[in-house]
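Notes to accompany the following structure.
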Amino acid sequence: MNQVINLKHKASLFTDHWSPKVIAELNDYQFKLAKLKGEFDWHKHDDTDEAFLIQSGELIIELPDNESVHLAEGEMFVVPKGLMHKPVAKEECTALIIEPKGVINTGEKNERTAENDVWI
């Protein structure tokens, strides 16, 4: 389809945190918009990298050995596959997450696992 996707409009359609919503697909990859607030769980993705592109707000991605990456609006970071990480948003942040279809947001299923393939 020849359709322009407006990220601000898509972000206005939901309010829940840590529950990525699919807005587009490219080959086997999904573009997911997520609102993040507070701390998420430490986790990793054994089989794929994960990209975070900040649309609004700020995000800290904590890494092993007390390292962290601080991201502001318009900045992007790719978490390499297999690397433990913990996203933290002190205030609400909106991020575009780019990863293959079927990736579990928590790395493995648990009580914080979001439903996959939810489109907005």
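Just so you know, all these numbers are worked out from the coordinates, no wet-lab data involved. None of these values were measured; they are calculated from a predicted model. Backbone-built Cβ (ideal geometry, glycine too); neighbour counts: all protein chains shown.
Filtering segment 64-82 to residues that are surrounded by 15 or more Cβ atoms within 10 Å (Cβ to Cβ) and either of a type in the set (Phe, Trp, Tyr) or in contact with a Lys or Arg (Cβ under 9 Å, 6 or more places away or on another chain) (or both) leaves Phe77, Val79. Evaluated against (1) among the aliphatic types (A, V, I, L, M); (2) touching a residue at least 40 places away in the same chain (Cβ under 8 Å); (3) buried (at least 16 other Cβ atoms within 10 Å of the Cβ), Leu59 falls short on exactly one condition, (2). Inspection of segment 86-94 finds no residue satisfying the criterion of being of a type in the set (S, T, N, Q), within 11 Å of Trp18 (Cα to Cα), out of contact with any helix residue (DSSP H, G or I) (no Cβ under 8 Å at 6 or more places or on another chain) and touching a residue at least 24 places away in the same chain (Cβ under 8 Å).
Taking the listed residues Ala89, Ala11, Ala34, the one that is in contact with a Gly (Cβ under 7 Å, 6 or more places away or on another chain) and buried (at least 17 other Cβ atoms within 10 Å of the Cβ) is Ala89, with no other qualifying.
Residues checked against (1) closer than 20 Å to Thr113 by Cα; (2) assigned to a strand (DSSP E or B); (3) free of Cβ contacts under 8 Å to residues at least 60 places away in the same chain; (4) under 12 Å from the mean Cα position of the chain (by Cα):
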site	(1), (2), (3), (4)
Asn2	no, no, yes, no
Lys10	no, no, no, no
Leu13	no, no, no, no
Ser19	yes, no, no, yes
Glu25	no, yes, no, no
Ala34	yes, yes, no, yes
Gly38	yes, yes, yes, no
His45	yes, no, no, no
Ile54	no, yes, yes, yes
